[in-house]
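To start, the structure under review is shown below, and the notes come after it.
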Amino acid sequence: MGVSNGQDATAATFNSAFPSKNADDVIPSKWNLENIDSESGENIVNLQKAVNESLSKNYPTQAVSSGGEIDIDLVKGVQNRLLESSSGVEALSLTPFGNIGGWKNGTEVRIFGTSDTNRPTIIHNDNDYGAILNGDANLRRFDSVSLVWFESLLRWVELTRNF
């Protein structure tokens, strides 16, 4: 099976060169998908899950009180989170996503402020499960900060901000 350089691009050439979608067929080679996620072992156990985790997901606004934590899913990919404080300017927990862990290495969380009055503040904290920031992040309406989880550091690290 295969198409050679210089062959005419016809239905006959291509239909015989690739596996059929309508009939049983034999593939005389090995499919090799690079898998760097140790969770699956040698094979990609759930390809659809891997694809879904590479996408982004938007979440509704969360109101966080002083010392509170931002909700987060334990999936790899990009999570877009809308955030405001419960009352005025309030500092979140020094571990803004908690200290339970279990996040996938490389998970990105984009946090968007939704209020000029109820402004959550993410505090720079160079301790396990803390956020390494370019200064504290006090989120006003339409401000955003992106953080990436690095398992080897046990830290959320600021990637970007727009303020």
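The values are calculated or read from the model by the stated rules, or taken from the named source; none is laboratory data. Since we're looking at a predicted model, the values are computed, not measured. All Cβ positions, glycine included, derive from the backbone under ideal geometry; neighbour counts span all protein chains shown.
Couple of notes before you dig in:
- Looking across 125, 138, 80, one residue alone is under 13 Å from the mean Cα position of the chain (by Cα), surrounded by 15 or more Cβ atoms within 10 Å (Cβ to Cβ) and modelled with pLDDT of 95 or more. It is 80.
- Sole residue being farther than 15 Å from residue 65 by Cβ and in contact (Cβ under 8 Å) with a residue 40 or more places away in the chain, chosen from 102, 106, 113: 106
- Within the stretch 83-97, restricting attention to residues that are buried (at least 18 other Cβ atoms within 10 Å of the Cβ) and hydrophobic (A, V, I, L, M, F, W, C), the residue that is farthest from residue 128 (Cα to Cα) is 83.
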